[in-house]
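Below is one structure, written out as structure tokens; the observations come after it.
Derivation of every value follows stated rules applied to the coordinates shown; laboratory data play no part. As the structure is a prediction and not an experimental result, all values here were calculated from the model. Every residue, glycine as well, gets a Cβ built from its backbone with ideal geometry; the counts of neighbours run over all protein chains shown.
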């Protein structure tokens, strides 16, 4: 992983530019939205409350919508930390730091689960 991927992104412009540099060699993969229904079933099977399930899945859907609106990748192979940071920064500016932290916690739950589903 390059040091560029670990550097903080301070704007959507930087996130787009960073992605554009890496996109030249990248192939388009499976959209994140493909995995949301499966993840929802896993959350329900784990006896998460309906409000928790809704909160988690809504956060990931909002992330996907933001990425698409900004011209950023929405495929599982293309989304990385700078894109998520740009989304959280946008959410903080649009609403509040509390809201951005809420989405961060929800999105953080998705990615380990996603990796587990993909490897099965």
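For this structure, a couple of remarks:
- Globularity index of segment 29-119 is 1.04 (Cα radius of gyration / 2.2 N^0.38 Å, N = number of residues).
- Mean Cα-pair separation over length for segment 29-119, i.e. relative contact order, pairs under 8 Å, 6 or more apart, %: 34
- Among 59-66, 98-105, 83-90, the order from most to least packed when residues are scored by Cβ within 10 Å on average: 83-90, 59-66, 98-105
- Here each label is just a point 7 Å from Cα along the line to Cβ, and for residue 55 and residue 37 those points are 2.6 nm apart.
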